[in-house]
Amino acid sequence: MLVFIRPYQDSKIAVSFPNGFTPPMLNAVRAVQNRQWNNNQKIWLIPNTQKSINLLLENLYQTGLFNITPLPQNPAEQKNPPEQSVQKKSGLQKELNELKRILITKHYSQHTIECYTKWVKSFLSIYMFNSTLLTQNHINSYLSNLAIKYHVSPSTQNQAMSALLFYFRFVKHEDLENLSEVIHAKHKKRAPVVLSKKEVLAVLNHLDGSKKLIAQLLYGTGMRLNEVLSLRILDLDFERNEITIRYGKGGKDRRVMLPKLLVPKLKEHIKKVKALHEKDLADGFGAVILRDGMDKRSQETAKEFKWQWLFPQKNRWLNKATGKQGRHHIDESLMQKAVKTAVREAGIIKNATCHTFRHSFATHLLENGYDIRTVQELLGHSDVRTTMIYTHVLNKKEMDVVSPLDEM
């Protein structure tokens, strides 16, 4: 089976089957969004985006009808014979496995591991899976295309750059010396979305159960969503009225206040979590995943109540291969959807999300007269300049100007 994939104009990719196609091949193309059939040239047209191309190649590969051999980026490069495609795929996976191993060894978060792996996989896939031929120009071109062609945000481009820097330094053992040729995405200064105290209350009133308690912690402590969901029972200290955040952004621990209003609710919630944990133990389960492989060294430690998630998921996960079961914490997407719905039902037209509670927490503290350094420590910012974005609430002078329309 043969499939030809080539550029078509600026925004399309042409896909054709010179030897004819089978239903699985046709379905592989049809699964790509916004595909079009050009009856005159007898070709399929798909969007010229990395996402569409990756999806098409994956769909074609899943048919099992042929090996996929990417076309060379440079016409001067020789085509690789089809039998090398399996070796390339194997080589790519080997590189990614090594990347993940080093990231885990250096105690990077799961979120960072997933992001870095995604960017490195995208980069290597574009350049024929052959990392030995990569040069500085390939990296500059890749990062520049993110800004020019795909219009990514500066933070997204920086994330991709960090991933590639890590890959070359720790996997390839090469230092990138000159990234000055990279065309950087334009930074756009945007004020954070902040809810008033009345609006915060309105959103909270449209939540219930554990989701309301999570939202109250988001606003009451300024924690990030993943930090709240990663809390374990032992992280709450009711005697000192504080919460310990472990392995926060950058792998740092910090402490924040425990809102007194939530103490009775949290104690009642912990009773329910304990009852759920005791049921899991009675069923022969109850172990949770611990950092640094502690759960692998001692299953008894992993079953202790103090290590259980503060907000466990409703159902146990199941490993069909081993039969092992356990509970993780609530998935972030469930909380994000709940807050989005609550904002809409509260009649608030601001683009508010779970992270908006953190913005509102910092802004309201500054409004109440707390100094910027205190807010910086509570938010866990390494640089006070990051926290300074919230000082816009102190610049009220221009808002005191009376509009000439109001004087008519």
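The values are calculated or read from the model by the stated rules, or taken from the named source; none is laboratory data. Quantities reported herein were computed from a predicted structural model and do not represent experimental measurements. A quick note on method: Cβ atoms are made from the backbone with ideal geometry, for glycine too, and the neighbour counts reach across all protein chains shown. Note: areas computed on protein heavy atoms with side chains; ligands, DNA, RNA excluded. Shrake-Rupley method; radii C 1.70, N 1.55, O 1.52, S 1.80 Å.
Odds and ends about this structure:
- Failed criterion for K274 (all others in (1) out of contact with any helix residue (DSSP H, G or I) (no Cβ under 9 Å at 6 or more places or on another chain); (2) open to solvent by 80 Å² or more (accessible area, probe 1.4 Å); (3) part of a helix (DSSP H, G or I) hold): (1)
- For R6, the test of being among the charged types (D, E, K, R), in contact (Cβ under 8 Å) with a residue 60 or more places away in the chain and in contact with a strand residue (DSSP E or B) (Cβ under 8 Å, 6 or more places away or on another chain) is passed.
- Some residue of segment 356-378 being at pLDDT 95 or above and either touching a Cys at 6+ places or on another chain (Cβ under 7 Å) or among the hydrophobic types (A, V, I, L, M, F, W, C) (or both): yes
- Some residue of segment 85-107 being at pLDDT 80 or above and not in a helix (DSSP H, G or I): yes
- If the condition is being open to solvent by less than 50 Å² (accessible area, probe 1.4 Å), closer than 30 Å to S162 by Cβ and not hydrophobic (A, V, I, L, M, F, W, C), then segment 205-229 contributes T221, G222, R224, E227.
- Subset of segment 194-204 [surrounded by fewer than 14 Cβ atoms within 10 Å (Cβ to Cβ) and outside any helix (DSSP H, G or I)]: S196
- Only a single item in (1) closer than 21 Å to S155 by Cβ; (2) aliphatic (A, V, I, L, M); (3) out of contact with any helix residue (DSSP H, G or I) (no Cβ under 9 Å at 6 or more places or on another chain) is not met by V194, and it is number (3).
- L217 being at pLDDT 95 or above and out of contact with any helix residue (DSSP H, G or I) (no Cβ under 9 Å at 6 or more places or on another chain): no
- Of the residues making up segment 234-253, those that are within 22 Å of I113 (Cα to Cα), charged (D, E, K, R) and part of a strand (DSSP E or B) number 0.
- Scanning segment 307-359 for residues that are under 24 Å from H111 (Cα atoms), part of a helix (DSSP H, G or I) and over 21 Å from the mean Cα position of the chain (by Cα) yields a count of 1.
- Scanning segment 353-389 for residues that are more than 20 Å from A215 (Cβ to Cβ) and among the hydroxyl-bearing types (S, T, Y) yields Y370, T374, S382, T386, T387.
- Boolean, E242 is more than 28 Å from the chain's Cα centre (by Cα) and free of Cβ contacts under 8 Å to residues at least 24 places away in the same chain: no
- Inter-residue pairs, beta-carbon under 7 Å, first closer than 21 Å to D331 by Cα and in segment 107-126, second part of a helix (DSSP H, G or I) and open to solvent by 100 Å² or more (accessible area, probe 1.4 Å), 6+ apart: I113/I104
- Checked against (1) among the basic types (K, R); (2) closer than 24 Å to T386 by Cα; (3) under 22 Å from the mean Cα position of the chain (by Cα), R255 passes all but a single condition, namely (3).
- The test for being modelled with pLDDT under 80 and open to solvent by less than 50 Å² (accessible area, probe 1.4 Å) does not hold for M161.
- Sole residue being among the β-branched types (V, I, T) and surrounded by fewer than 19 Cβ atoms within 10 Å (Cβ to Cβ), chosen from T356, T363, T341: T341
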